[in-house]
Structures are given as C-alpha cells and as structure tokens.
Amino acid sequence: MKTIYSIVFFLLSHTLVSAQIEDYGLPYREGKSHFQKMTTYNNNPNTTQYDLKYQRLEATLDPAVNFISGSVTSHFLPNATLSSIYFDFTTQLNVSSVSYHGTNLAFSQLPTKELKIDFPTAISAGTLDSLTVHYSGIPDPSNNAFAVHSQSGIPVMSTLSEPYGAQDWFPTKQSMNDKIDRFDFKITTPSTYSVAANGKLMSETIIGTNKLTFWRTQYPTAAYLIAFSITNFTKINDVMGNPPFPFVNYLYPTTAANPSIMADIEWTKQIMNTYENLFGPYPFRNEKYGHMEFGYNGVCMEHQTMSSMSGWPRRVIAHELAHQWFGDKITCGAWNDLWLNEGFATFGEHVANEQFLMTHSEFMNYLQGQKNFITYATGGSVYVNDADLGNQSVLFSGRLTYAKGGYVVRMMKWILGDVVFYQAIKDYMSRPNLAYAYAKTIDLKTSLLQSTGKDFTEFFNQWIYGQGYPTYDIQWKQSTDLQSISFKVGQSQSHPSVAFYTLPLPIKLNGSNGEVAHIVLDHQSNNQMFTIPTTFAVSSVEFNVEHQILEKNSTVQMNANLSTQNSLIQEDLQIYPNPADTVIWIKGLNKETDFVITFATGQQVQKGRVEPHRSISVSHLEKGVYWLELQNKRFKFIKR
Ligand SMILES: [Zn+2]
C-alpha cells in the first residue's frame, strides 16, 4: 500500500490536478474540477470595518433538490463609522430582502461577489448591531461548494468551501483575519434525513413531516470551516479522550454496518490521545470531535469539530484530526501560508505512521518515498506566491504544500529535539494572539524564538520561501591512532534561490566490532572540516539514516588522502540566547559533554550532560547571573 502510494504519487503528481482539499494518494486525489477566482483571496478591504461576531443560518433544505432558501442573521461590531456594510456573497443566489430593526434596507449584489447593504443612518464604531439577509437560489455549480450527490440511491446534500467557496452558499466574511465568533445552524429538512454540522447538537424537533435541526458552535470559526452534510445518517454518539468529551459520527448506513470501517473510526480515539499528548488538549473539547460523511468522492475535509469524510484510511483520519489544531484552532493567516495547515497535518500523518500504522522499516521507506516525491523536481517553494493564489494545483500542491511542508516540520523536530520541539508546539498552540485565530509563517517563527531561543529566520528563508534541496558530498578518514575521525563536508544546491542550507547533519559511525555512535556535524559552510574524537575503529559511516533531513543523491566516501590540515579539533563554542528564558543552546558543540552551572559566587546549581544539538533547560533557575562551564570553558549568562 505504501509503495503503491509513493510510486503512484510520485509518477502522477505532475500530471494530476491536486486535490482541492486533501492530498493523500490516488484513490482520494480528486478535487473540485472547477476553481473560480474571487476578487480578493486573503482579505477583502471592504469588510475590514467590522468584526463579525455571530451568524445564524436558517434554511429549508431538501437534499434531493439542489436549492437553498433561507436567511443569515449577522451580528457585527463596527470599528469605524459604518454607512454601509459588505459581505462576501455570490451573485448566483438572489437576495430578496435585508431586514434591520423591523425595516428593510437597500442593498446591491455586486459582480465582485459582494453584497453591499446601506444603512439609513451611519452606525458608530463600537455599537454592536445586527441584520438578516433573506436569499434563495441554486448555488453556483461551477464552484461546487454546495452540492447534491447520492449514496445507495439516497440523496446527500453537503458543502465544501475551502478555499474561497463559503460565499457561494451564505453571505459571510471570508477574510483570513476575522473568525466568526459563534455560529448557529437551524436547518429544516424532510424528517427522514438528519443534519450534521459544526459544534453541539442543541435540538431536533419534528414539525409535521419535517425536522428542524439546531447545531451551535461557540468556538471562533473561519468561514471556510463552516459546513454541513444531510442524508439518512446512522448517528453514533460515543466519547473519547481523558477526561472524556463527545465523539460523534454521522455515517451512511452502509458505513455503519461495515465492521472494518467501524474499527478504523474507533482507532480515532488512539490518535486523539497521542495528539493531545504531543500538541496539547484537543481544541474543541467543550463541543465534540466527529466525522460526517459527505458526497465529495475522493476528498476529506477538516471542518471544525466535524471532519467531512468520503473514505476512511487511518492516515487520512489522522490527517484531518491533526488539522483541528493546525488549520482550525490556528488557521493560516493568508492562503500563501497554507503549509501551516497542510504541512503540519502531513506531519500528523508522520506521527500516525511512526507510532501506529507502520513498522520502523516501513516508516523509513515512507520517508524515503516522501523525499523522492519532494525532490523529483529541483525547484518550487512551500510558500505560495500571490500570483498562484488562484491556481488550485499550486495552492494545494501535494509535493510542496503537503509533503515538503510536512518534511520541514520533521526537520524542525530534528533541529530542536523531540522534547523542545513538542513543548514549542504546545506553546504555539496556546499563544493568546494565535489560539483560535490566525498565524502566518512569521508568527510561527516568533513563537519558536520565544519558546526555544532559536532563530528560524534562516531556516524558513531556505526551506519555506527558498526552493530546492541540498546534495552532500561527505568524505571521512579516521586517524591511524583511532583517536579521531575527520570529515570534509561539501554541499551543492538544486536551485539558485538558496546559496547554502545550514543544517545539523546526522552521522552514524559503525565500528568493526558492531559499535555504533551517532554524531552531529553543525554544517555552516561549504567544504567545512570537522574532527571528532572516536573510541573505536570506524569501519563505515552512514548519513541521514533516519531521514532526519531532506536531501538527495548525497554520497559518503572514505578518503585515505583527506587532508585534515584545516580541521579544528573543536569548533569555538558559543552559547545563546543570552539572556536566556527557558533553554540555552551551545553552538559548535559536536560531542556529548558534561556541564556545570554555578552562581556567580561559584556555588553549583545544576550539572548534567548535553548532546550536540540539544539544549540545556534553565527554566527552573531563578533570575540572575550564572556561569556555564563545559570543556574547560566558562560562559557567563543571564537568566531572566
Ligand atoms: Zn489537509
């Protein structure tokens, strides 16, 4: 399965239009066939003058009929004097009236996909107000954000708005800077059907032959993550997590009757526990997590609190669940930064594969497959340029936004080490300015610096904004007394946008008698020389055996003629950051070493061992001046 996945993925990826939403192998690689441009992709300047606090969709929907009729009530808080208000809204649906405090307002539906509504007297800043838009029609079939399909001969009506399709079925604010703080659905359908949606089920009321279903979410939600699905669902109410919260599945009857799929759905509980340990608490514990099936074959989508599914591979279940943190709790602040959603969700697949779904050697094959896929072309950036925001195959590039984005996260974990990395991710998830809001790449960078003291500016320039990958030429020679091994490390780049990739290189030394040592070379310049002490006769050297970093066609060779003249026994050591908040890093350290931290008075407060490329935690130290001693050197630092 994996091999097929990797090879097919690799061979066909450049001919296929990548999936609208999820990109996870051939059977699930279909997406929307059409992709219509919206006038502004990230922020509509006409909607910046208010904060959208609440929306309520009240609609009558028969899943057998592709038609919507209803109203949306919006509560908004102006931040400037408002004489008119704009919503993002299609011209395909007809607005019949806009009611406001018992009167009707003048409005116009603009070809720019905006609904402009004029107030009789301007509303002043800071005054919470509301209005209701009544509308009906057949949603634009070319955009396919709202569609009718069928399962076992039964109609399914469902929505799929990412990236720009919310406006195709309700008047809203699509800008990537203002989540809708609360959202209610009140949907009337023929009573044989059930409605699945975001949030908590508040009530289902039978009214004659109809059923009124009321869902409410009180978590801020980006417009593209608002969704519903309607059919003759089998509803399964369960719990997950510790302490438990609701786990709600709305499944086609044929799915609910399939024991193998039900086992896959049950497995969601295990990956939930793992993600809660690694990323922090599930973000929507007060409401639920769940799945609703929908009619978009080959696509799955991380609708907030209720992922929409058309298939059940466990890696896809894992991918959508990871999105609840990366994409939903923290949403990319511009579509250019979509890797913050998709790269991290792909990293969630790495975690699921490594911990549950694969043996170690299968996981290594998977990573090799990802590397092959990412590097089959020499260029392309993870960051999406403005000119490509309307191009679905670039925006949702399986190779760049997903696979390379996921590999960038894996490299961040390698650079920081698991403990520091996952703590930094938890910190990122709980920053007050980012949680339940939006983040761009620069916000992640700032958060990482704050958590770890490590500046990822160069790293993101190389791996997110820059293109391509490095190829290494590693030559080595052990000294005749077997006391040291020397390396010369050259690097070439596949693309001129990056002059040099600065990375710690994972090296494995194998001894003649089965000894193994792992060392790290802090590669800062081309043809850099390193000399490392050794304790056994080295018979072979391996590079990047766990695929910690992205590279291609690298070579490792023993070179008996390697000149070690220019090599340093130990690079000069530096510590940073200084002052330090939580951790101290030692630049230039290339072997595990003892350290001692003392007060300025000389009294010892901490001692231990530190490995290359790992930090020393100082978070427990009182504020003040300290000395760090290692390898006969002393460094003064300030803990703040
Ligand atoms: Zn995704």
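Brief remarks follow.
- For the pair Gln631 and Ile236, label points projected 7 Å from Cα toward Cβ lie 5.6 nm apart.
- Potential lengthening between Gln270 and Arg640 on full extension [0.36 nm per residue; Cα-Cα distance subtracted]: 129.3 nm
- Volume of the convex hull of segment 574-639 (Cα atoms only), normalised per residue: 72 Å³.
- Using 0.36 nm per residue and subtracting the Cα-Cα separation, the extra length available between Asp581 and Asn79 on full extension is 177.0 nm.
- Residue-count net charge about Ser260 - beta-carbon cut-off 15 Å; Lys, Arg +1, Asp, Glu -1: -1
- Among beta bridges identified by DSSP and lying wholly in the chain, the antiparallel ones come to about 85 percent.
- With 32 Å as the limit, the listed pairs Lys179/Lys269; Lys329/Lys454; Lys113/Lys426; Lys371/Lys636; Lys113/Lys454 have Lys113/Lys426; Lys371/Lys636; Lys113/Lys454 beyond it between alpha carbons.
- Considering only segment 574-639, percent of DSSP beta bridges that pair antiparallel, nearest 5: 95 percent
- Segment 500-558 and segment 213-289 have Cα centres lying 44 Å from one another.
- Distance (nanometres) between label positions extended 7 Å along Cα→Cβ at Ser512 and Ser99: 9.1 nm
- With only Cα atoms counted, segment 124-263 has Rg and Dmax values of 16.9, 58 Å.
- Counting neighbouring beta carbons within 10 Å and listing from fewest to most, the residues Arg431, Arg315, Arg640 come out as Arg640, Arg431, Arg315.
- Take the convex hull of the alpha carbons in segment 334-465; its mean projected area over all directions comes to 8.4 nm².
- Convex hull projection area averaged over all views, the chain, Cα basis, nm²: 32.0 nm²
- Square roots of five times the Cα gyration tensor eigenvalues for segment 470-558, Å: 24, 13, 10
- Entries in Lys404/Lys587; Lys440/Lys488; Lys591/Lys623 that, when Cα-Cα distance is taken, lie over 31 Å: Lys440/Lys488
- Within segment 63-176, the proportion of C-alpha pairs whose separation exceeds 24 Å stands at 30%.
- Rounded to 10°, Cα long-axis angle of helix 259-279 versus longest principal axis of the chain: 60 degrees
- As a calculated quantity, the FRET efficiency between Met558 and Ser492 at R0 = 25 Å, using C-beta atoms, amounts to about 0.75.
- Fewest-first ranking of Phe347, Phe487, Phe363, using other Cβ atoms within 10 Å as the exposure measure: Phe363, Phe347, Phe487
- Centre separation in Å (Cα based) which lies between segment 574-623 and segment 433-464: 23 Å
The numbers here are math on the coordinates, done by the rules we state, and not lab data. Nothing here was measured: the structure is a model prediction, and the numbers come from that model. All Cβ positions, glycine included, derive from the backbone under ideal geometry; neighbour counts span all protein chains shown.
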